[in-house]
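*Asks:* Let me give you the structure first, and then I'll get to my questions.
The values are calculated or read from the model by the stated rules, or taken from the named source; none is laboratory data. Model, not experiment: these values are computed from the prediction. Please note: Cβ atoms are built from the backbone with ideal geometry, for glycine as well, and neighbour counts cover all protein chains shown. Quick note on the areas: whole protein, heavy atoms, side chains included, nothing else; ligands and nucleic acids left out. Shrake-Rupley method; radii C 1.70, N 1.55, O 1.52, S 1.80 Å.
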Amino acid sequence: MKKRHLIAVIAVVLMGFTKPDSGNITINLRDIESKEGEIVFMLFAKEDGFPREPSKAFKRGVVTDFSASASYTFKNVPYGVYAVSVFQDRDKDGEIKSNFIGMPKEPVGASNMTKMGKPSFKKCSFQLNSQNKELSMKFILK
């Protein structure tokens, strides 16, 4: 019985020294022109659904109280490759509104995108391999 307790204590102590295998990703969105609606942050772990389908995002977050900037932190994210997309849901319906040719009618952005263009998972992806990762973004289409 004492031997099992000792093994359990040693296991707990050793777990405290192991490298974590997950981290936090903080997205700082800047240059928001309108305070209308809410900001939707989407974290994708694969290409499927990126950048437009909130239901296919690995994690999703919403910020309702914002000004010219907004931040959101995805917590306890397993180390790996991810891409982020964000949009301002002005009518709070959970969808990105588009015109007849598919161009978004609401402000949108994606990680690693600094100008107009179609975002791809490959182009927008980044590696999470530390406990804290911070990304600065802005809308590429307002």
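*Asks:* Name, by its number, the condition in (1) in contact (Cβ under 8 Å) with a residue 40 or more places away in the chain; (2) more than 14 Å from Ala110 (Cα to Cα); (3) open to solvent by 60 Å² or more (accessible area, probe 1.4 Å) that does not hold for Asp65.
*Replies:* Looking at each condition in turn, Asp65 falls short on (1).
*Asks:* If the Cβ limit is 6 Å and pairs must be 6+ apart or interchain, which residue in region 42-62 that is farther than 13 Å from Pro119 by Cα pairs with which residue that is open to solvent by 30 Å² or more (accessible area, probe 1.4 Å) and aliphatic (A, V, I, L, M)?
*Replies:* Listed pairs, sorted by first residue: Phe58/Ala45.
*Asks:* From (1) within 17 Å of Ile25 (Cβ to Cβ); (2) touching a residue at least 60 places away in the same chain (Cβ under 8 Å); (3) open to solvent by less than 70 Å² (accessible area, probe 1.4 Å), pick out the condition that doesn't hold for Gly80.
*Replies:* Evaluating Gly80 over (1) within 17 Å of Ile25 (Cβ to Cβ); (2) touching a residue at least 60 places away in the same chain (Cβ under 8 Å); (3) open to solvent by less than 70 Å² (accessible area, probe 1.4 Å) leaves (2) as the failure.
*Asks:* What's the total number of residues in region 15-65 that are more than 12 Å from the chain's Cα centre (by Cα) and part of a loop (DSSP other than H, G, I, E, B)?
*Replies:* Going through region 15-65 one residue at a time, the tally reaches 21.
*Asks:* Here's something else I'd like to know. Take region 86-102 and flag every residue that is within 23 Å of Gly117 (Cα to Cα) and part of a loop (DSSP other than H, G, I, E, B).
*Replies:* Within region 86-102, Arg90, Gly94, Glu95, Ile96, Lys97, Asn99, Phe100, Ile101, Gly102 qualify.
*Asks:* Just the residues that are among the hydrophobic types (A, V, I, L, M, F, W, C), in contact (Cβ under 8 Å) with a residue 60 or more places away in the chain and within 17 Å of Glu134 (Cβ to Cβ), please, taken from region 20-41. Don't jump to the end; show me each part of the working.
*Replies:* Going residue by residue through region 20-41, those that are among the hydrophobic types (A, V, I, L, M, F, W, C) are 25, 27, 29, 32, 39-41.
Within this subset, residues satisfying the condition of being in contact (Cβ under 8 Å) with a residue 60 or more places away in the chain are 25, 27, 29, 32.
Residues satisfying the conditions are Ile25, Ile27, Leu29.
*Asks:* On the basis of being polar (S, T, N, Q), surrounded by fewer than 14 Cβ atoms within 10 Å (Cβ to Cβ) and in contact (Cβ under 8 Å) with a residue 40 or more places away in the chain, does Ser71 make the cut?
*Replies:* For Ser71, the condition - polar (S, T, N, Q), surrounded by fewer than 14 Cβ atoms within 10 Å (Cβ to Cβ) and in contact (Cβ under 8 Å) with a residue 40 or more places away in the chain - is not met.
*Asks:* Taking Pro54, is it at pLDDT below 95 and touching a Gly at 6+ places or on another chain (Cβ under 9 Å)?
*Replies:* yes
*Asks:* While we're looking at this one, here's another question. So which of Phe58, Phe50 is among the aromatic types (Phe, Trp, Tyr), crowded, with 16+ Cβ neighbours inside 10 Å and more than 14 Å from Phe87 (Cβ to Cβ)?
*Replies:* Step by step, each of Phe58, Phe50 is checked, and only Phe58 is among the aromatic types (Phe, Trp, Tyr), crowded, with 16+ Cβ neighbours inside 10 Å and more than 14 Å from Phe87 (Cβ to Cβ).
*Asks:* Among (1) of a type in the set (A, V, I, L, M); (2) modelled with pLDDT under 95; (3) in contact with a Gly (Cβ under 9 Å, 6 or more places away or on another chain), there is one condition Ile96 misses while meeting the rest; what is its number?
*Replies:* For Ile96, the failing item is (3).
*Asks:* Also, I was wondering about something else. For region 87-142, what are the residues that are in contact (Cβ under 8 Å) with a residue 40 or more places away in the chain, touching a helix residue (DSSP H, G or I) at 6+ places or on another chain (Cβ under 8 Å) and open to solvent by 30 Å² or more (accessible area, probe 1.4 Å)?
*Replies:* The one that is in contact (Cβ under 8 Å) with a residue 40 or more places away in the chain, touching a helix residue (DSSP H, G or I) at 6+ places or on another chain (Cβ under 8 Å) and open to solvent by 30 Å² or more (accessible area, probe 1.4 Å): Glu95.
*Asks:* Could you identify the single residue in Ala83, Ala68 that is modelled with pLDDT of 95 or more and part of a loop (DSSP other than H, G, I, E, B)? Before you say what the answer is, go through the steps one by one.
*Replies:* Values: Ala83 fails: part of a loop (DSSP other than H, G, I, E, B).
That would be Ala68, the only listed residue that is modelled with pLDDT of 95 or more and part of a loop (DSSP other than H, G, I, E, B).
*Asks:* Please verify whether region 124-138 includes one or more residues that are of a type in the set (Gly, Ala, Ser) and farther than 21 Å from Phe58 by Cα.
*Replies:* Within region 124-138, not a single residue is of a type in the set (Gly, Ala, Ser) and farther than 21 Å from Phe58 by Cα.
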